[in-house]
Structures are given as structure tokens and as C-alpha cells.
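Student: Quick one: this structure, given as C-alpha cells, is what I'll be asking you about.
FYI, it's all coordinate maths here, none of it is from the lab. Not measured: the values here are computed from a predicted model. With ideal geometry, Cβ positions are generated from the backbone for all residues, glycine too; neighbour counts draw on all protein chains shown.
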Amino acid sequence: MIQISALPAFTDNYIWLLQDHHNQRCAVVDPGDAAPVQAWLTMHPGWRLSDILITHHHHDHVGGVEQLKKATGATVYGPASENIPGRDVALNDNDRVSVLGWEFDVFAVPGHTLGHIAYYHQGLLFCGDTLFAAGCGRLFEGTPEQMHHSLSRLAALPEDTRVYCTHEYTLSNLRFAAAVEPNNPEIAERLKKVSQLREAGHMSLPSTLALEKLTNPFLRTGETSVKEKADERNGQDNRAPSEVFAALRTWKDTF
């Protein structure tokens, strides 16, 4: 059995830790800082870091890779089309990798960055900065069309899939979602719950795709109420869902 837990890093990053208790091996996803991982390994003698999974090249996701690889000899997996420090295995769309005895499917999800990838194992999604709880990543490199397609692809996975994104942005994302859909009761309820969680010092992740489809405006671009709000914001008739997405993303950037 593999246990998944979060190692907080910086102000709002999570480094996901996967633990194989049978073999005392572990893997981490997007270690932007080596220190939290090294601290965990120090506190758990006998455990070995065997694998490092990277979703994209931003420093807050790769900053600890080389230090961890040097200390542990871990195998580093990352997108083929991005400059990933210490990468051993370059991954492309539809590749498959075995980590801690689990098979992960690799999805190309461009938008936040052009080479961004996500890792999916039945019921589990490690999606970096593509899909957030109640939100999505900024478009630093890709187009709205690319990001909308990437999100649509992730949204097509089974609804019980647990979403392990890498930032604690849920509260601010839900405040935006409430502005987009002020009459959505699921958003109001989730905003209340997450506010209580955060006030108590608890994390809001992981999410599920079922919950995202009910409360994440970026996955709800086909809803009439979302389209009408996007039209109102940019004064256009946004006919395609990708156009609705673009209007929402522009609005969120300055929200």
C-alpha cells in the first residue's frame, strides 16, 4: 500500500510524498526545495528516496532536485521538452512509468508552461500547476486554447479521481468562483468549508474531479451562467468554451 502525504514548502507549495511501506521506499512530486524532503528522510531512518516526479520547469517545482538526487541517487522523471535539472527519464504524452510498483500514465497538459505534464494512476492525479482546487494555473507560456484543452482532458478522467495539485490557492480560487457564479450553492458551501479548514490551519487538498466539476469555473465553461458572466466581463459573445475560458482567465489574473 502506498500512502500519500504533503510536505509544505515556501509559502504555499506542497511537495507530495508517496510512501511504499512494504519496501520503505518513497517518491516525491515537484520538490522545489530539498529541505522538507531531507528533513522527512532524517526523521524516518531506513527509508530511501527512489524517485522524483517533475511536472514542469518552474523553480518552485525543481529547485531541490539536484541536491536530492546527489544525496539519494533517486531517478528523476520529467517532461521531455523542458529543461529539467538532473532528469534521467524524459517523458512525452501517453508515456507510462512505473514508480513504487504503481503504473502512471503521462499526459501532456500545455498551458501554464508549454511542456507541462501530469501523472495519472487509477484514482490519483498529480497535475502540478495545470488544474488547481477551484482554479487553474496562469498562462505563462501557452494559449487559452491549449489550457482549455488540457483541462478538458483531465476533466474526462473518472469523477472519483483525487486531485493532487501543488499550491494552497483554494480559498482565493473559491472567492473568484463565487464572483463568477454567485448563485451556485456548491461553491458557497465549499467556500464555507475551506474557510474553516484554513482558519484551523488545515490544508484544503486533495480535491476530487467530481467536486471540481461542481465548483471550478474553469471546468464549467459550458454552463450558461458562466458564459453569461464571461460575456458581461469582456463585452463579447464568447461562443466557444475556450473563449469563455480565456475571458475567465483574464479576469482572474487581476481579481
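Student: Magnitude of the Cβ-charge dipole of the range 113-182, K/R +1 and D/E -1, about the Cα centre, nearest 20 debye?
Tutor: On the way: 4 positive and 7 negative charges, 11 e Å.
In debye, rounded to 20, the range 113-182 gives about 60.
Student: Write out the trypsin sites (Lys or Arg not before Pro) in the range 162-255 meeting two conditions: DSSP loop, and at most 15 other Cβ atoms within 10 Å of their Cβ.
Tutor: Details: sites: Arg162, Arg175, Arg190, Lys192, Lys193, Arg198, Lys213, Arg220, Lys227, Lys229, Arg233, Arg239, Arg249, Lys252; in loops: Arg220, Arg239.
Within the range 162-255, the qualifying trypsin sites (Lys or Arg not before Pro) (loop, at most 15 other Cβ atoms within 10 Å) are Arg239.
Student: With θ set to phi - 60° and the Karplus curve 6.51 cos²θ - 1.76 cosθ + 1.60, what are the ³J(HN,Hα) couplings of the range 79-94 in order, to the nearest whole Hz, using x for Gly and Pro?
Tutor: Working through the residues one at a time gives x, 5, 8, 10, 7, 10, x, x, 5, 9, 10, 8, 10, 10, 3, 6 Hz.
Student: Can you give me the relative contact order of the range 170-253 as a percent, contacts being Cα pairs under 8 Å and 6 or more apart? Mind showing how you got there, number by number?
Tutor: On the way: 70 pairs, mean separation 21.6, N = 84.
Relative contact order of the range 170-253: 26 percent.
Student: Also, quick follow-up: Would you please name the chymotrypsin sites (Phe, Trp or Tyr not before Pro) within the range 89-147 that are DSSP coil residues with at most 13 other C-beta atoms within 10 Å of their C-beta? Show your work: numbers first, answer last.
Tutor: Working: sites: Trp102, Phe104, Phe107, Tyr119, Tyr120, Phe126, Phe132, Phe140; in loops: Phe140.
Answer in residue order: Phe140.
Student: Can you compute the charge dipole magnitude of the range 170-253 about its Cα centre, using +1 on each Lys and Arg Cβ and -1 on each Asp and Glu Cβ, nothing else charged? Give it in debye, rounded to the nearest 20. Let's see the in-between values first.
Tutor: Numbers: 13 positive and 12 negative charges, 50 e Å.
That gives the range 170-253 a dipole magnitude of about 240 debye.
Student: Dipole size in debye (nearest 20) for the chain around its Cα centre, Lys and Arg Cβ +1, Asp and Glu Cβ -1? Before the final figure, lay out the partial values.
Tutor: Working: 22 positive and 31 negative charges, 75 e Å.
I would put it at about 360 debye.
Student: Mind checking which of Gly86, Ser98, Pro45 is farthest towards the positive end of the range 35-105's charge dipole, using Cβ charges of +1 (Lys, Arg) and -1 (Asp, Glu) about the Cα centre?
Tutor: Result: Pro45.
Student: Could you point to the residue in Tyr120, Ile4, Phe245 farthest towards the positive end of the chain's charge dipole, with +1 and -1 charges on the Cβ of Lys/Arg and Asp/Glu respectively?
Tutor: Of the candidates, Ile4 comes out farthest on the positive side.
Student: Related question: Please tell me the relative contact order of the range 2-164 in percent, rounded to the nearest whole number, where contacts are Cα pairs under 8 Å and at least six residues apart. Walk me through the intermediate numbers first.
Tutor: Numbers: 347 pairs, mean separation 23.6, N = 163.
It rounds to 14 percent for the range 2-164.
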